[in-house]
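To start, I am sharing the structure in question, which I have written as structure tokens.
The values are calculated or read from the model by the stated rules, or taken from the named source; none is laboratory data. These figures come from a predicted structure and were not determined experimentally. Note: ideal-geometry Cβ built from the backbone for every residue, glycine included; neighbour counts use all protein chains shown.
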Amino acid sequence: MGDEEPSSTDQLIDRLVGVIEDDQRVVASLLGGSRARGRADTFSDVDVSVILADTDYEDVLADKAAFVRQLGDPLFIEDFGQRNMALVVFADGVELDLFFFPEHDVGSIRPGMHQVLVDPSGLLAEIPIEDAEVDRDAQADELRRILSWFWHDVGHFTTAIGRGQLWWAAGQLEQLRHYCVNLVRIEQSSAPGDEAYWKLDVEISTGSLEALRATFVPIERDAMLDAGRRIVAFFRERAPEIARANDVDYPADLADLVTGHLEELPGSSSG
């Protein structure tokens, strides 16, 4: 048998390297994500950072689509408001997350396992391969936000249930779970984020979340009320200790007040 044909992903990376080597605006490039870590599977996308000469950076960003089309036939190109990135899906099914950086700002590339694709001047040599440690100050700030907004949104959940507005209540229920997931991320020294469930199964030990399984319920009043009370109990059990461990004040009086309003609603109880 002959040599195995390169995959569509391998072909994309080869094309990318060729384009970069021929493009005088590009000074370096690296491959990151699961492929650099050796953990890629058939569902993995390609994460690539491209470092551009300072004088060409804005020109490339102004027409990212033209840069992408050098690599293949894109069916989807979007940056979701982040100018220095392009999320791409090609016609052959390969997905590419492309990030652009100006040469002077190469230090802002996130540390972590990576593979250098092109770097004739050694510009990328100073980027650490080890993952960055969690920023404790930023984590404490996010914990303060969670502690405030959780109880704020419990109030909205209570109002929605009390008025019988079940779709609103369902949305608030998901938001409350979101806070709980990020709370556990902080507890396990993993960075919380806007997408709390993002790669959660490999970021933390999910055993701590088992009590939340029962809170995924149909959009029915009593079932959601019971789920909301379970979520509140989950949060109240963990949040004070996590707050103490991070030198953050826990709003105990607010928690008691809002929980009392929730408990006053007639209906199912979490027991």
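Can you say whether Ala66 is farther than 22 Å from Val202 by Cβ, without any contact (Cβ under 8 Å) to a residue 24 or more places away in the chain and surrounded by fewer than 19 Cβ atoms within 10 Å (Cβ to Cβ), as far as the supplied structure shows? Talk me through it step by step, then tell me what you get.
Working: farther than 22 Å from Val202 by Cβ: yes; without any contact (Cβ under 8 Å) to a residue 24 or more places away in the chain: yes; surrounded by fewer than 19 Cβ atoms within 10 Å (Cβ to Cβ): yes.
Yes, satisfied.
Do any residues in segment 41-53 that are of a type in the set (Val, Ile, Thr) have Cβ atoms under 6 Å from those of residues that are exposed (fewer than 15 other Cβ atoms within 10 Å of the Cβ), where the two are at least six apart or on different chains, and which pairs are they?
Hits for this filter: zero, empty list.
Within the set of pairs 6+ apart or on separate chains, which have a first residue in segment 107-125 that is without any contact (Cβ under 8 Å) to a residue 12 or more places away in the chain, a second that is surrounded by 12 or more Cβ atoms within 10 Å (Cβ to Cβ), and C-beta atoms under 8 Å apart?
Hits for this filter: Ser108/Phe101; Ala125/Asp119.
Please indicate, with yes or no, whether at least one residue in segment 195-213 is touching a residue at least 40 places away in the same chain (Cβ under 8 Å) and assigned by TED's automatic domain parsing to the domain that holds Gly155.
First, the residues of segment 195-213 that are touching a residue at least 40 places away in the same chain (Cβ under 8 Å): none.
No, every residue in segment 195-213 fails to be touching a residue at least 40 places away in the same chain (Cβ under 8 Å) and assigned by TED's automatic domain parsing to the domain that holds Gly155.
Let me spell it out: the conditions are (1) crowded, with 16+ Cβ neighbours inside 10 Å; (2) farther than 19 Å from Ala255 by Cβ, and Asn182 meets all of them except one. Which number is the exception?
(2)
Scan segment 188-202 for residues that are more than 16 Å from Arg145 (Cβ to Cβ) and in contact with a helix residue (DSSP H, G or I) (Cβ under 7 Å, 6 or more places away or on another chain) and jot them down. Walk me through how you get there before you give the answer.
The first filter runs over segment 188-202 and keeps only residues more than 16 Å from Arg145 (Cβ to Cβ), leaving 188-190, 197-202.
Ser190, Tyr197, Leu200 - these are the residues of segment 188-202 that are more than 16 Å from Arg145 (Cβ to Cβ) and in contact with a helix residue (DSSP H, G or I) (Cβ under 7 Å, 6 or more places away or on another chain).
Let me ask another. If I ask for residues that are more than 13 Å from Val116 (Cβ to Cβ), hydrophobic (A, V, I, L, M, F, W, C) and surrounded by 13 or more Cβ atoms within 10 Å (Cβ to Cβ), which ones from segment 27-63 would you list?
Selection gives Ala40, Val46, Leu52, Ala53, Val60, Leu61.
Out of all the residues in segment 158-212, which are within 15 Å of Gly228 (Cα to Cα) and part of a loop (DSSP other than H, G, I, E, B)?
Gly164, Gln165, listed by residue number.
Report the residue count in segment 157-171 for those that are within 25 Å of the chain's Cα centre (by Cα) and surrounded by fewer than 21 Cβ atoms within 10 Å (Cβ to Cβ).
Residues in segment 157-171 being within 25 Å of the chain's Cα centre (by Cα) and surrounded by fewer than 21 Cβ atoms within 10 Å (Cβ to Cβ): 3 in total.
Identify all residues within segment 217-258 that are touching a Lys or Arg at 6+ places or on another chain (Cβ under 7 Å) and under 16 Å from Gln175 (Cα atoms); write none if there are none. Reasoning before the result, please.
Here is the first cut: in segment 217-258, the ones touching a Lys or Arg at 6+ places or on another chain (Cβ under 7 Å) are 231, 248, 255.
Ile231 - this is the single residue of segment 217-258 that is touching a Lys or Arg at 6+ places or on another chain (Cβ under 7 Å) and under 16 Å from Gln175 (Cα atoms).
Whether any residue in segment 233-247 is among the aliphatic types (A, V, I, L, M), surrounded by 15 or more Cβ atoms within 10 Å (Cβ to Cβ) and either within 13 Å of Ile161 (Cβ to Cβ) or not assigned by TED's automatic domain parsing to the domain that holds Ala140 (or both) is what I want to check. Quick ask: steps written out before the conclusion?
Narrowing segment 233-247 to residues among the aliphatic types (A, V, I, L, M): 233, 239, 242-243, 245.
Then drop every residue that is not surrounded by 15 or more Cβ atoms within 10 Å (Cβ to Cβ), which leaves 239, 242-243.
Checking the rest, the ones that are also either within 13 Å of Ile161 (Cβ to Cβ) or not assigned by TED's automatic domain parsing to the domain that holds Ala140 (or both) come to none.
No; the residues of segment 233-247 include none that is among the aliphatic types (A, V, I, L, M), surrounded by 15 or more Cβ atoms within 10 Å (Cβ to Cβ) and either within 13 Å of Ile161 (Cβ to Cβ) or not assigned by TED's automatic domain parsing to the domain that holds Ala140 (or both).
Mind checking whether some residue in segment 133-145 is charged (D, E, K, R) and in contact (Cβ under 8 Å) with a residue 60 or more places away in the chain? Before you say what the answer is, go through the steps one by one.
Here is the first cut: in segment 133-145, the residues charged (D, E, K, R) are 133, 135-137, 141-142, 144-145.
Subset that is in contact (Cβ under 8 Å) with a residue 60 or more places away in the chain: 136, 144.
Yes.
Got a number for residues in segment 30-61 being not in a loop (DSSP other than H, G, I, E, B) and not β-branched (Val, Ile, Thr)? Walk me through it before giving the result.
Kept after step one, since they are not in a loop (DSSP other than H, G, I, E, B), are these residues of segment 30-61: 30-37, 46-52, 57-61.
Adding the requirement that they be not β-branched (Val, Ile, Thr) leaves 30-37, 47, 49, 52, 57-59, 61.
Total meeting the criteria: 15.
Checking Val181 against (1) among the β-branched types (Val, Ile, Thr); (2) under 30 Å from Ile20 (Cα atoms); (3) touching a Phe, Trp or Tyr at 6+ places or on another chain (Cβ under 7 Å), only one condition comes out false. Which one?
So Val181 meets the others, but not (2).
Suppose we keep only residues that are exposed (fewer than 10 other Cβ atoms within 10 Å of the Cβ) and either at pLDDT below 75 or touching a Cys at 6+ places or on another chain (Cβ under 6 Å) (or both) within segment 120-135. Which one would you say is farthest from Gln24 (Cα to Cα)?
Ranking the candidates gives Glu133 first.
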